[in-house]
Amino acid sequence: MLKIGLTGGMGSGKTQVANILAEQGASVIDTDVVAHQLTAPNGLAMPSIVDRFGQHMRAADGSLNRALMRQHVFADPDQRKILESILHPMIAHSVHEKARQARGFYIVFVVPLLVETRRWLNEVDRVCVVDCDPETQIERVKKRSGLTTAEIESILLTQATREQRQTLADDTINNGQQADLGALIKQVLELHRQWCNLEGYD
């Protein structure tokens, strides 16, 4: 099956694009969703995380205290690497299992940090970047998360630039300030047709 790596910065609209593709019959596997499952109450990653970072990283419901962990790992890159060393192998195993069971027209791997880590580049046939201007990203994330502008900007600084993503992009979807929902859907459907053609569907 054709494998698409879908990526983009925080607030670029990756989930919205992935949902449209899923409605068209693509098999969508979101690494963020997998990570949340692993760190949910009784998630497979929680014992290792608590063992390494302490009980205070476990929320009252047994899930990962995401806000506290976010502050912890962004303040110390070495701690972020330790967290990644726990999560990434588990995420990869789960994603590969889901890919083996996929039955859609093609597979879309939603990987927010695909460009930054390059970990999934050898797993996909094409890279699709959801492009967005930073101002729009910040406004979207503020509305959905409650984070401050300064907090969002600090996170964006750890992510790849638009230019870095474009160097690896086979396909680009413009979902910035000037792109309304209709324009977004039109772009996504056109790419869906192209990818189906590559798979031999007409």
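No value in this document is a laboratory result; all are computed from the given coordinates. Keep in mind that this is a model prediction, so the values were computed, not measured. Cβ: placed from backbone, ideal geometry, glycine included. Neighbour counts: every protein chain shown.
Structure values in brief
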{"read-out": "Net lengthening on full extension, ASP61/ALA102 (0.36 nm per residue, minus Cα-Cα)", "value": "11.6 nm"}
{"read-out": "Protection proxy ranking of 9-18, 162-171, 76-85 - average other beta-carbon atoms within 10 Å, highest first", "value": "9-18, 162-171, 76-85"}
{"read-out": "Amide H within-cut-off set for VAL108, under 5 Å, with H built and near neighbours excluded", "value": "ILE4, SER27, VAL28, ILE29"}
{"read-out": "Within the range 1-155, percent of DSSP bridges classed antiparallel, to nearest 5", "value": "10 percent"}
{"read-out": "Peptide ranges 128-134, 91-97 listed from the most packed, as the mean C-beta count within 10 angstrom indicates", "value": "128-134, 91-97"}
{"read-out": "16 Å reach of a label modelled at THR158, 7 Å along Cα-to-Cβ, counting backbone N of the range 113-142", "value": "113-118"}
{"read-out": "Net charge of neighbours whose Cβ lies under 10 Å from the Cβ of ASN174, counting Lys and Arg as +1 and Asp and Glu as -1", "value": "-2"}
{"read-out": "Principal axis box of the range 33-103, alpha-carbon based, largest edge first, Å", "value": "40, 27, 18"}
{"read-out": "Relative contact order (%) - criterion: Cα under 8 Å, at least six apart; region: the chain", "value": "36 percent"}
{"read-out": "Bins of 10 Å, starting at 0 and running to the largest distance - Cα pair percent for the range 62-166", "value": "11, 36, 39, 14, 0"}
{"read-out": "Stokes-Einstein D (µm²/s) once Rh is taken as the Kirkwood radius of the chain over alpha-carbon pairs, at 4 °C in 1.567 mPa s", "value": "72 µm²/s"}
